[in-house]
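Asker: Submitted below is the structure of interest, expressed as structure tokens.
Any read-out appearing in this document is the output of simple, stated calculations on the displayed coordinates, not a laboratory observation. Because the structure is predicted, anything quoted here is derived from the model rather than measured. Cβ atoms come from the backbone with ideal geometry, glycine included; neighbour counts cover every protein chain shown.
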């Protein structure tokens with residue numbers, strides 16, 4: 001019994017890392033501008049589409065490099081056409097603006113790249129690895145591509161955490177998140193900061209898009225993985241990079257384990273059909289977290305002076 | 001009635017020397033001192049919000065290098081707008097300077113960004129402190145050095161310098177700014193501005209919401225900075241009494257116009273200022289009927 005559970009746990013954790021990768025894009029923009037970027041999911045799709053289509057004409061490394069350029073150009077366009085005009089507006093107005101960006105980008109992506117299902121071949125090993133064969137009969141199955149994704153994610157997280165916490169620009173980003181106008185008043189150029197953070201979020205979306213794209217194929221539903229990032233954010237906190245990781249791991253492992261462990265229990269006790277737990281588990285968990293700890297595990301405390 | 005008086009006054013300002021140089025007059029002090037020592041000069045600026053709301057209706061003032069100049073007036077007089085017009089933070093609030101010129105060290109700065117202006121040495125400390133709530137005090141100070149390119153050693157030295165002026169900040173250096181007291185936040189905001197090595201600070205209502213004792217402490221430090229570091233201040237305040245004690249020159253703003261200006265000492269002796277801003281009436285308390293008379297005079301002055 002322990003073997004399958006452990007296997008599920010590992011599989012869940014690795015999927016969770018992929019959730020974290022998507023959530024990371026949200027956190028970056030939220031941290032640096034206090035905007036909940038609804039367009040993040042579509043950015044993942046757009047980035048994946050770019051890589052998939054470009055790789056038809058160029059070798060993969062060049063296609064990826066070009067996709068990075070595309071994402072930076074996109075960041076520039078969003079900053080220039082939308083954000084610049086909305087400095088100092090309420091968060092909800094900026095949120096609405098990203099909603100507009102979402103639907104524009106959804107259609108525009110199809111206009112430019114087409115609406116078929118494309119595939120990304122990153123050349124990652126497909127054959128599953130079996131480990132600990134001496135301990136468990138048959139060993140534990142691990143998907144090597146997920147392992148690689150986890151590794152890339154870990155590197156990105158460490159780099160970003162250091163960037164935010166220690167560097168001058170990272171500090172400026174946090175300052176902008178706290179107070180746009182005050183940041184401007186001390187000479188932090190808002191436009192450059194926003195451009196930078198959207199570009200970084202675009203690149204994170206690109207990495208996430210490549211990983212998910214390689215796993216599921218590049219198609220419209222890829223933008224829906226962003227919805228899985230929501231409970232991750234609520235759990236980990238909107239402003240915390242480590243939170244996005246831990247949240248992703250908990251959700252990833254939690255939903256898989258719930259399916260395996262909770263499923264049979266429900267079936268036996270209530271005579272239910274079972275299954276489908278994976279679909280709602282994350283949201284229920286997030287809901288419970290909202291009641292107890294609205295800022296998430298590692299989110300910035302909501303400061304209220306009395 | 002008002003038109004001819006105004007005309008006379010303007011021609012008088014252009015001519016030299018005025019007959020009553022020491023008395024509060026509508027003349028800008030820059031005329032008397034010579035342009036070289038003026039760090040900031042506003043000439044007849046007009047500010048419009050949302051393309052329609054005229055907030056400043058021709059404000060002129062000048063700040064001599066190394067001085068504290070007070071900008072006084074009631075709520076909505078246009079003090080903050082004036083400061084934001086100078087620091088170029090106005091655009092974020094959909095305001096625009098539509099007329100006049102703003103000269104910092106002799107250069108027109110109207111088309112620069114706030115960031116450029118900070119690099120040139122003119123920084124605003126906004127009304128209501130605006131510390132970065134989730135950053136520690138020390139991180140707040142460090143953000144003030146964002147525009148600097150002279151290395152970590154110099155920045156570290158300046159942080160120490162800020163701590164010597166504000167010993168309280170040193171004690172709270174690792175505290176999250178959002179949890180510090182109002183006075184500490186005001187100190188943090190001023191210290192943060194200092195970190196950009198400014199030649200001039202536009203200080204907007206440092207006394208807002210603070211206990212009189214803290215206000216006294218903060219004004220003392222401002223004066224100290226002015227004397228020791230040679231930083232010029234343009235100080236927008238409602239607390240007329242306090243501001244005139246520390247400033248060398250003052251302008252009184254009403255409805256977007258400068259209605260009175262003069263040496264701080266002369267202003268605090270001026271009957272109108274005493275009565276309407278310091279709350280000290282000559283003899284017995286006057287009735288509201290007298291306001292009418294003042295309003296008439298205000299029109300005359302404007």
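Asker: Take the alpha carbon gyration tensor of the stretch A:1-51, find the square roots of its eigenvalues, order them as a ≥ b ≥ c, and report rounded if a/c is under 1.5; if not, report prolate when a/b exceeds b/c, else oblate. Numbers along the way, then the final one.
Answerer: Working: a/c = 4.76, a/b = 2.05, b/c = 2.32.
Oblate shape, in that a/c is at least 1.5 and b/c is the bigger or equal ratio.
Asker: Go ahead and set up a Gaussian network model of chain A, Cα springs under 10 Å, then flag whichever of A:72, A:251, A:267 fluctuates most.
Answerer: Residue with maximal mean-square fluctuation among A:72, A:251, A:267: A:267.
Asker: Next question, about the same structure. Name the residue, out of A:200, A:27, A:17, whose mean-square fluctuation peaks in a Gaussian network model built on chain A with Cα pairs under 10 Å.
Answerer: A:200
Asker: Most exposed first by the Cβ proxy, i.e. fewest other Cβ within 10 Å, how do B:111, A:185 rank?
Answerer: On the way: B:111 9, A:185 29.
Listed from fewest to most nearby Cβ atoms, that is B:111, A:185.
Asker: Just to be sure I understand: of the beta bridges DSSP finds with both ends in the protein assembly as shown, what percent are antiparallel, rounded to 5?
Answerer: If I count the DSSP bridges inside the protein assembly as shown, around 60 percent turn out antiparallel.
Asker: How far is helix A:91-113 tilted off the main Cα axis of chain A, in degrees rounded to 10, range 0 to 90?
Answerer: 70 degrees
Asker: Alpha carbon centre of the stretch A:259-306 versus the stretch B:53-95: separation in Å?
Answerer: 53 Å
Asker: When a footprinting reagent is the concern and you count Cβ atoms within 10 Å, what order do A:102, A:167 take, fewest first?
Answerer: Numbers: A:102 19, A:167 11.
Ascending Cβ contact count within 10 Å gives the list A:167, A:102.
Asker: Can you give me the Kirkwood hydrodynamic radius for the protein assembly as shown, using every pair of distinct Cα atoms, in Å to one decimal? Please list the in-between numbers first.
Answerer: Values: mean 1/r = 0.0362 Å⁻¹.
One over the average 1/r among Cα pairs gives 27.6 Å for the protein assembly as shown.
Asker: Got the relative contact order for chain A handy, in percent, Cα pairs under 8 Å and 6 or more residues apart?
Answerer: 34 percent
Asker: What are the semi-axes of the equivalent ellipsoid of the stretch A:20-223, taken as the square roots of 5 times the eigenvalues of the Cα gyration tensor, listed largest first and rounded to whole Å? All intermediate terms of the calculation are to be shown ahead of the outcome.
Answerer: Details: eigenvalues 217, 94, 38 Å².
Value: 33, 22, 14 Å, ordered largest first.
Asker: For the stretch A:99-152 and the stretch A:1-22, what is the separation of their Cα centres, given in Å?
Answerer: Rounded to whole Å, the Cα centres lie 14 Å apart.
Asker: If I fit a long axis through the Cα atoms of helix A:2-33 and take the longest principal axis of the Cα atoms of chain A, what angle between them do I get, 0 to 90°, rounded to 10?
Answerer: Tilt relative to chain A: about 10 degrees.
Asker: Which value at 222 nm does the protein assembly as shown reach when only helices count, each DSSP H run of 4 or more adding -39,500 (n - 2.57), with the total divided by all residues and rounded to the nearest 500 deg cm²/dmol?
Answerer: On the way: 24 runs with 331 residues, N = 608.
Calculated at 222 nm, the ellipticity per residue is -17500 deg cm²/dmol.
Asker: Take peptide B:184-196, look around each residue's Cβ out to 10 angstrom, count Cβ atoms belonging to other protein chains, and average those counts. Could the numbers behind the result be given before it?
Answerer: Working: counts 0, 1, 0, 0, 0, 3, 0, 0, 4, 3, 0, 2, 2.
Mean number of neighbouring Cβ atoms from other chains: 1.
Asker: Also, I was wondering about something else. With chain A treated as a Gaussian network of Cα nodes joined by springs under 10 Å, which of A:272, A:160, A:290 yields the largest mean-square fluctuation?
Answerer: Checking each option, the largest mean-square fluctuation is seen for A:272.
Asker: Classify the stretch A:135-207 from the C-alpha gyration tensor, please: rounded if a/c falls under 1.5, else prolate or oblate depending on whether a/b exceeds b/c.
Answerer: In terms of gyration-tensor shape, prolate.
Asker: Relative contact order for the stretch A:161-306: what percent, with Cα pairs under 8 Å and sequence separation of 6 or more?
Answerer: Working: 120 pairs, mean separation 29.6, N = 146.
Dividing the mean separation by the residue count of the stretch A:161-306 yields 20 percent.
Asker: Related question: Would you mind calculating the gained length between residue A:126 and residue A:280 on full extension (0.36 nm times residue separation, minus the Cα-Cα distance), in nm to one decimal? Walk me through the numbers before you get to the answer.
Answerer: Details: separation 154, 0.36 × 154 = 55.44 nm, distance 2.91 nm.
This chain segment gains 52.5 nm when fully extended.
Asker: Does the stretch A:234-306 come out rounded, prolate or oblate, given a ≥ b ≥ c as the square roots of the eigenvalues of its C-alpha gyration tensor, rounded meaning a/c under 1.5 and, failing that, prolate meaning a/b above b/c?
Answerer: Numbers: a/c = 4.45, a/b = 2.29, b/c = 1.94.
Judged from the Cα gyration tensor, the stretch A:234-306 comes out prolate (a/c at least 1.5, a/b above b/c).
Asker: Moving on. With no solvent and one point on each alpha carbon, what is the Debye value of log10 I(q)/I(0) for the stretch A:23-82 at q = 0.16, 0.20, 0.27 Å⁻¹?
Answerer: Here the Debye-derived log intensity ratios amount to -0.56, -0.80, -1.11.
Asker: For helix A:144-166, what angle does its Cα long axis make with the longest principal axis of chain A, in degrees from 0 to 90 and rounded to 10?
Answerer: The angle comes out at about 30 degrees.
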